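What follows is calculated from the coordinates using simple rules that are stated; it is not laboratory data. Remember, predicted model here, so these are calculated numbers, not experimental data. Note that each Cβ is placed from the backbone with ideal geometry, even for glycine, and that neighbours are counted across all protein chains shown.
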Amino acid sequence: LDNGLALTPPMGWLTWERFRCITDCKKYPNECISENLIKRTVDLMVLEGYYEAGYEYVGIDDCWLEKQRGPDGRMVPDKERFPSGMNALADYIHSRGLKFGIYQDYGNYTCAGYPGVLGYEQLDIDTFVEWDVDYLKLDGCYFETTEMDKVYPDFGHMMNASGRPILYSCSWPAYQEYNDMQPDYASIAKHCNLWRNWGDIDDSWGSLEAIMNWFGDNQDRIAHHAGPGNWNDPDMLIIGNFGLTVDQSKVQMAVWAVLAAPLLISADLATMKPEFKQILLNRNIIAVNQDSLGKQGLRVITKNRIAVWSRELADGSHAVAFVSHRADGAPYATRFTLDDMKLPSVQYEVVVSSFYKQRHGAVSSRTARTRWRS
Ligand SMILES: OC[C@@H]1[C@H](O)[C@H](O)[C@@H](O)CN1C(=S)Nc1ccc(F)cc1
């Protein structure tokens, strides 16, 4: 979408994967979807260097609303969990330099059953503008997938007409892919800044693997639609939660960098272990993800269940990731030629990391740095 936003993949934080739809603040005071969760996250994003590293959007996902709209039809934030209201929360976020993300659904209800925008489109956009919202994730539950090709562009035009630049995240293609439809990615890229292509990520290696496999298997249909202002979105980063080992976390960060994917953390920054924080703040990987050419990388070859992903960068170099999907526990040396990797034969400094998996999904790696002129 050519609205001047997301010239590189958006970076930030989202509530959903880690905090889901926790609404009982008595039982879970530190984890319920609330202004307190957002404010403490904003504080930590600044204090712990996430903001400085480029993570700028802080997004509330589903479950922030009252179950009923107000008498004037307006959306009402949950009165107990957002007692100060969204203007105050936006001010808190903006005063620390970050940007405010929120969630709605183009349907009668959000996926979790809160009031959706259907029938209130203009009023809700006016409300988001009043709240100084910078980023809207528009979900697609409870809506006819064949109608999405029309309503998502219409909603985008109405947002654009408001005069406030709002990053537009569309779940539109994901719902069409689930229904075995062929989304019109040219139209999606024209109308959205980022879009979810496939299923929700969960806190597990299996879920991450399934999404990486889908993006590799479908790259010919989707990769070339990515570029400055419009990005394929394989879903949130789960690094720092419970389901991934350190090496598996490195895999997600490396593949999201090659995919030019939005980097949207969904984890509790207060309990983030240093070894995971180090991966999320890795400057070199972030630089690959934010490369100005904005060309999405591809899975170029898989051999002996080791996949090689490669992305062309603005300076003509390539970022290459080696990902083992093996679970046989022993080191498994596999030779890849430059030709295998569809890399031009020029001088290379290659970091050859032979990843292998030990038992229980741990992934270790040995790295040998070689330099040769081929
Ligand atoms: O409710 C919101 C939640 C998150 O926003 C995800 O990122 C979205 O992809 C949608 N979503 C959920 S759980 N969607 C959903 C997931 C499984 C299901 F059977 C029905 C709906």
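With the charge dipole of the chain set up from +1 on Lys and Arg Cβ and -1 on Asp and Glu Cβ about the Cα centre, the Cα lying farthest toward the positive end among the listed residues GLY97, LEU269, GLN176 is that of LEU269. Across all Cα atoms of the range 1-89, the radius of gyration (one decimal) and Dmax (whole number) stand at 14.8, 44 Å.
Compute for the range 231-317: radius of gyration divided by Kirkwood radius, i.e. Rg/Rh, restricted to C-alpha atoms, rounded to two decimals.
Working: Rg = 13.4 Å, Rh = 13.6 Å.
Dividing the radius of gyration by the Kirkwood radius yields 0.98.
Across SER324, SER34, SER95, mean-square fluctuation computed from a Gaussian network of the chain (C-alpha pairs under 10 Å connected) peaks at SER95.
For the chain, the longest principal axis of the Cα atoms and the long axis of helix 205-217 meet at an angle of about 80 degrees.
Counting Lys and Arg as +1 and Asp and Glu as -1, each charge on the Cβ, what is the dipole of the chain about the Cα centre in debye, to the nearest 20? The partial results should precede the final answer.
Details: 37 positive and 49 negative charges, 351 e Å.
My answer is approximately 1680 debye.
First check a/c for the range 53-169, with a ≥ b ≥ c the square roots of the eigenvalues of its C-alpha gyration tensor; if it is under 1.5, answer rounded, and if not, answer prolate when a/b is larger than b/c or oblate otherwise. Since a/c reaches 1.5 but b/c is at least a/b, the shape of the range 53-169 is classed as oblate.
Largest GNM mean-square fluctuation among LYS277, LYS295, LYS342, using the chain with Cα springs under 10 Å: LYS342. The angle between the Cα long axis of helix 148-161 and the main principal axis of the chain comes to about 70°, on a 0 to 90 degree scale. Relative to the longest principal axis of the Cα atoms of the chain, helix 246-258 runs at roughly 80 degrees. Between MET11, MET75, MET253, the Gaussian network model of the chain with springs among Cα atoms under 10 angstrom shows the greatest mean-square fluctuation at MET75. The overall shape of the chain is prolate: from the C-alpha gyration tensor, with semi-axes ordered a ≥ b ≥ c, the ratio a/c is 1.5 or greater and a/b exceeds b/c. Helical content of the chain, expressed as a calculated mean residue ellipticity at 222 nm, amounts to -8500 deg cm²/dmol (DSSP H runs of 4 or more residues, -39,500 (n - 2.57) each, divided by residue number, nearest 500). What share of Cα pairs, in percent, lie more than 18 angstrom apart in the range 159-318? For the range 159-318, the share of Cα pairs beyond 18 Å comes to 60 percent.
Each of GLU130 and ASP180 was given a label point 7 Å from its Cα along the Cα-to-Cβ line. The distance between the two points is 4.6 nm.
Computed FRET efficiency, Cβ-Cβ of GLU80 and TYR109, R0 30 Å: what is it to the nearest 0.05?
Numbers: r = 21 Å, r/R0 = 0.68.
Efficiency at R0 = 30 Å is approximately 0.90.
Here's the picture: charge each Lys and Arg Cβ at +1 and each Asp and Glu Cβ at -1 in the range 255-313, and of ALA307, ASN282, TRP256 the one pushed furthest to the positive end of that dipole is ALA307.
On a 31 Å Cα-Cα criterion, which of the cross-link pairs LYS39/LYS150; LYS27/LYS277; LYS67/LYS250 come out too long? From the list (LYS39/LYS150; LYS27/LYS277; LYS67/LYS250), the Cα-Cα distance tops 31 Å for LYS39/LYS150; LYS67/LYS250.
The mean of 1/r over all distinct Cα pairs in the range 220-282, once inverted, gives the Kirkwood hydrodynamic radius of 12.5 Å. Each of ILE38, GLY297, TRP16 was placed along the dipole of the chain (beta-carbon charges, centred on the mean Cα), and the one lying farthest toward the positive end is GLY297. Check the straight Cα-Cα distances from LYS190 and name the aspartates and glutamates below 14 Å, setting aside those fewer than 8 residues away within the same chain. Filter leaves ASP2, ASP149, ASP154. Rounded, prolate or oblate: which fits the range 274-334, taking a ≥ b ≥ c as square roots of the Cα gyration tensor eigenvalues, rounded meaning a/c under 1.5, else prolate when a/b beats b/c? Cα axes put the range 274-334 in the oblate bin.
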